[in-house]
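Below: the structure, in structure tokens.
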Amino acid sequence: MSEEKKNSAINVSELDAKFKYEVSDQPGGENLKLCFSCGICTAGCPVTEVENEYNPRKLIRMVLLGMKEEVLSSNLIWFCSLCYTCYARCPQNVKFTDIMGVLRDMAVKEDHVHPSFVKNIDEIDRLSQTIRHKMVRAIFPQKKENKSIDSKNLLKIALENMNKE
């Protein structure tokens, strides 16, 4: 979201009252309207630790308000790592991770992103999991030691090993 949009008031004439129904009618979006904005999804989200602007509760609220264009054109829907932490912790079973899939599909269908962008995101997700896997494997020999790690060095080693494969 641009700084201008983020700080501006919501223009009621630009809201799409049907948006929440469009999302909730899709497989995975059925529980959207159960959200009562408790914030547990945001409190447990690992993405919020590295991206201050990312807020699952805020995204759900925007969908419920009908801010269709702002949500579907937002870069924020692509930050979700699809880890299911919010999904597991939600007391209302909103299934935010599935809703993110619905929003991403809608963004593609409504030409907010090119379909190849989704493939690029999938590739990044696979790569980040591969790197994490290699970094965790690298510290297995230390699991019984009280030893801190140099995560940047582990990353460097993991990348070097991947380039050799």
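Things to note:
- Theoretical gain in end-to-end length, residue 162 to residue 17 [0.36 nm per residue, Cα-Cα removed]: 47.4 nm
- If you wrap the tightest convex hull around every Cα atom of region 16-112 and split its volume per residue, you get 82 Å³.
- Cysteines, the chain, no other Cys beta-carbon under 4.7 Å: 35, 38, 45, 80, 83, 90
- Per-residue [θ]222 nm for the chain (sum of -39500 (n - 2.57) over DSSP H runs n ≥ 4, rounded to 500): -15500 deg cm²/dmol
- Dipole of the chain, positive end: most advanced residue of 82, 55, 151 [Cβ charges, Cα centre]: 151
- With an a/c value of 1.5 or above and a/b larger than b/c for the gyration tensor axes a ≥ b ≥ c computed over the alpha-carbon atoms, region 117-164 is described as prolate.
- Ranked packing of 56-65, 87-96, 14-23, 148-157, most packed first, by mean Cβ within 10 Å: 56-65, 87-96, 14-23, 148-157
- Over the chain - Rg/Rh using Cα atoms and the Kirkwood inverse-distance radius: 1.05
- Separation between Cα centres of region 7-83 and region 94-114, rounded to whole Å: 10
- Angle between the chain longest axis and helix 115-138 axis [Cα atoms, degrees, rounded to 10]: 30
The numbers here are math on the coordinates, done by the rules we state, and not lab data. Predicted, not measured: the structure shown is a model, and the values here were computed from it. Using ideal geometry, Cβ is built from the backbone for each residue, glycine included, and neighbour counts are taken over all protein chains shown.
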